[in-house]
1. Among the residues of the range 348-390, which ones are part of a strand (DSSP E or B) and β-branched (Val, Ile, Thr)?
2. Tell me which residues, restricted to the range 299-314, are hydrophobic (A, V, I, L, M, F, W, C) and either crowded, with 16+ Cβ neighbours inside 10 Å or part of a strand (DSSP E or B) (or both).
3. Identify the single condition in (1) modelled with pLDDT under 90; (2) in the same structural domain as PRO311 (by TED's automatic domain parsing); (3) surrounded by 18 or more Cβ atoms within 10 Å (Cβ to Cβ) that PHE281 does not satisfy, given that it satisfies every other one.
4. Go over the candidates PHE385, PHE376 one by one and state the one that is within 13 Å of SER110 (Cα to Cα) and not assigned by TED's automatic domain parsing to the domain that holds VAL334.
5. Condition first: in contact (Cβ under 8 Å) with a residue 60 or more places away in the chain, surrounded by 13 or more Cβ atoms within 10 Å (Cβ to Cβ) and part of a strand (DSSP E or B). Can you find one or more residues in the range 215-237 that meet it?
6. Out of all the residues in the range 89-123, which are more than 27 Å from GLY380 (Cα to Cα), modelled with pLDDT under 55 and exposed (fewer than 12 other Cβ atoms within 10 Å of the Cβ)?
7. Return the residue satisfying two criteria in turn: it lies in the range 391-409 and is under 22 Å from the mean Cα position of the chain (by Cα) and assigned to a strand (DSSP E or B), and of such residues it is surrounded by the most Cβ atoms within 10 Å (Cβ to Cβ).
8. Whether any residue in the range 344-360 is touching a residue at least 40 places away in the same chain (Cβ under 8 Å) and of a type in the set (Val, Ile, Thr) is what I want to check.
Amino acid sequence: MPSPPPFDCDSATGRLEVAGKALSALRMLAFKPGPVAGGAAVIRSLRAYVMSWAGFDCLAADLGRFRARQRWRIAARMAAVLCEGIVISSLAVGVADGAGPRSDTRIAVSVVPVTPTEIPVTYTLPGSVVSDARINISSRVVGFIQQLDVREGQSVSRGELLVRIDPSDIDETIRQAEATVRASQGDLDDARQDVERYARLVPSGTASAETLRKARVRADVARAVLDRSVAALAAAEAQRSYATIVSPVDGIIVSVVRRSGEMATAGTTILTVESREILLFKGYIAERQLSLIDRTSPVAVRIDVLDDAPPLGRIRGIVPSGDDVTRRYEVNIVLPNDPRLVPGMFGRADFVLGRRQILQVPPSAIVRRGGLEGVFVLDGNRARFRWLRTGSNLGHSIEVVAGLTTGERVLVEPGDAVRDGSVVQPIEISR
């Protein structure tokens, strides 16, 4: 490459024109297919040619003779020539030196055909694991809590003592009821004796029939009073049994609101016990998906903290009344018995709505170029790079939304040696 001819510092635009011609030569060498013998030296000379002719050695003197608008325009053109020359010459050196595989070198690669397959159309519903039996334990009687020894997180069995209420007031009520029963019984016995006595005296005329009638009425009233007293005694004894509260289920204590010594009132929650016998997955489904759900099909429930295969549950029911703001409906899914499942765990339920056909490629066929994903497609004996628009990751394969057609063959694990246009030796593999 001859050295640049001498130039005058007054001709900035002339130098820029000559540098542009050298830049055109750089472009031809940079994008010329195949290696160029001795091209690296030629390109380096052209690069120096561009840098010297478009250099800034006399830029200050040149630009000082132009108006402000012309100075900015010439400076911008010179900067563009410099940047493009640096980039293109760097690319061209690799091509000129024969970097990468030669066009006549065959690279052995594995190829697979692009085949269609069917995948399920799923609707994913987030939700939580809940207990089917969460029971708030409260007292039916009023009294001080005499015994409450359970704590949060403690396991309890069905029939195990949870709370004992002080029964002193109830015992006093029972004693009063017993005294009333005894008094009523004595009154009834006396009335019966009067009826028997008057019944013997009426035939002889010693007692009138009216007196006998009143004696019988008094006996009937005494019998009713006795029955009422017996009922009051039974109610008081029943209250005595309510002073002792036992667990209705096998479960876990999840909340204790009261403590020993505090006053228990009727209907106020003392503690909460949660059964683990039946666990549900609860979520809220959108109204547009409501009619698409098959209630007889099993549902895969993926729990985030469990890495193994998702358990299959069954839909127990969908509440037919939705929220008028979110337009969502509660759905309950019965989960299989698994000791690792506990209420409060987060998960996702996958409802199968149907099936659809897709194209798929192996994950090892996907390569990244310029931040985008694509594959090398076999075109005769050459590899051609093609951008793809991918969809779902199916684990063993990746869905192809756009970019491929059925029957095309793609390279598997092409490696860095394969480039667009490389000559390859395909090796068919079965999927």
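1. Quick first cut of the range 348-390, residues part of a strand (DSSP E or B) only: 348-361, 367-369, 372-379, 382-387, 389-390.
Selection gives VAL352, ILE358, VAL361, VAL367, VAL375, VAL377, THR390.
2. First, pick out the residues of the range 299-314 that are hydrophobic (A, V, I, L, M, F, W, C): 299-301, 303, 305-306, 309, 312.
The answer is VAL299, ALA300, VAL301, ILE303, LEU312.
3. (1)
4. Values: PHE385 fails: within 13 Å of SER110 (Cα to Cα).
When all the criteria are applied, what remains is PHE376.
5. From the range 215-237, those in contact (Cβ under 8 Å) with a residue 60 or more places away in the chain are 236-237; that's our starting set.
Adding the requirement that they be surrounded by 13 or more Cβ atoms within 10 Å (Cβ to Cβ) leaves 236-237.
Subset that is part of a strand (DSSP E or B): none.
No, every residue in the range 215-237 fails to be in contact (Cβ under 8 Å) with a residue 60 or more places away in the chain, surrounded by 13 or more Cβ atoms within 10 Å (Cβ to Cβ) and part of a strand (DSSP E or B).
6. Selection gives nothing.
7. The residue in question is ILE398.
8. Looking only at the range 344-360, we keep the residues that are touching a residue at least 40 places away in the same chain (Cβ under 8 Å), and these are 344-360.
Filter again for of a type in the set (Val, Ile, Thr), leaving 352, 358.
Checked against the condition, which is being touching a residue at least 40 places away in the same chain (Cβ under 8 Å) and of a type in the set (Val, Ile, Thr), the range 344-360 yields at least one hit.
The values are calculated or read from the model by the stated rules, or taken from the named source; none is laboratory data. Please read all numbers here as calculations on a predicted model, not as lab measurements. Note that each Cβ is placed from the backbone with ideal geometry, even for glycine, and that neighbours are counted across all protein chains shown.
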